[in-house]
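First comes the structure, then the notes that go with it.
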Amino acid sequence: MIEIVPATPEIVRSFGMDTMRSARMLAVIDTGLVLGIAGLYPDGNRQVAFMELSSELKRHPRAIVRAGRIFMKWVRESRLPVHALCDEEIAHAASHLEHWGFRRIYKGIYAWHP
């Protein structure tokens, strides 16, 4: 069963990522296996969004949508501009950001404004 939970430092490390002290993160987990991490961290007068998904998670589009809704709630609550780097070579990466209201401002750089 897929769960979407707040990402603890242990969860983040088990996914092979470095923890960020001030980041707010969530994790998608299936039977103890971390399938993806997403979050926001402050950077001056803006927030920076990040997301890492495993190929396994890409086979669970409903989980991606559920996690995206939680993530976008955090984005809206921040009331700050949010920027995201996007590897546009990854299938559907840019279209997901655009679906969630981010706009391309330069090659591989997307922004969301309150």
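Coordinate-derived values only; no laboratory data. Remember, it's a predicted structure, so these values are computed and weren't measured experimentally. Reconstructed Cβ throughout: ideal geometry from the backbone, glycine too, with neighbour counts over all protein chains shown.
The table below gives the values:
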quantity	calculated
Net charge, Val28 excluded, C-beta distance under 9 Å - Lys, Arg +1, Asp, Glu -1	-1
For Lys73, net neighbour charge (Lys/Arg +1, Asp/Glu -1) across residues whose Cβ lies under 13 Å away	+4
Taking Asp18, Asp30 and counting other C-beta atoms within 10 Å, the order from fewest to most	Asp18, Asp30
C-alpha long axis of helix 61-78 to longest principal axis of the chain, angle in °	50 degrees
Gyration tensor verdict on region 57-114 (Cα atoms; rounded if a/c is under 1.5, prolate if a/b is larger than b/c, oblate otherwise)	oblate
Loop trypsin sites (Lys or Arg not before Pro), region 77-114, which have at most 13 other Cβ atoms in a 10 Å radius of their Cβ (DSSP)	Arg79, Lys107
Overall form of region 2-80 per C-alpha gyration tensor (a/c, 1.5; a/b vs b/c)	oblate
Region 37-90, dipole about Cα centre (Lys/Arg Cβ +1, Asp/Glu Cβ -1), debye to the nearest 20	460 debye
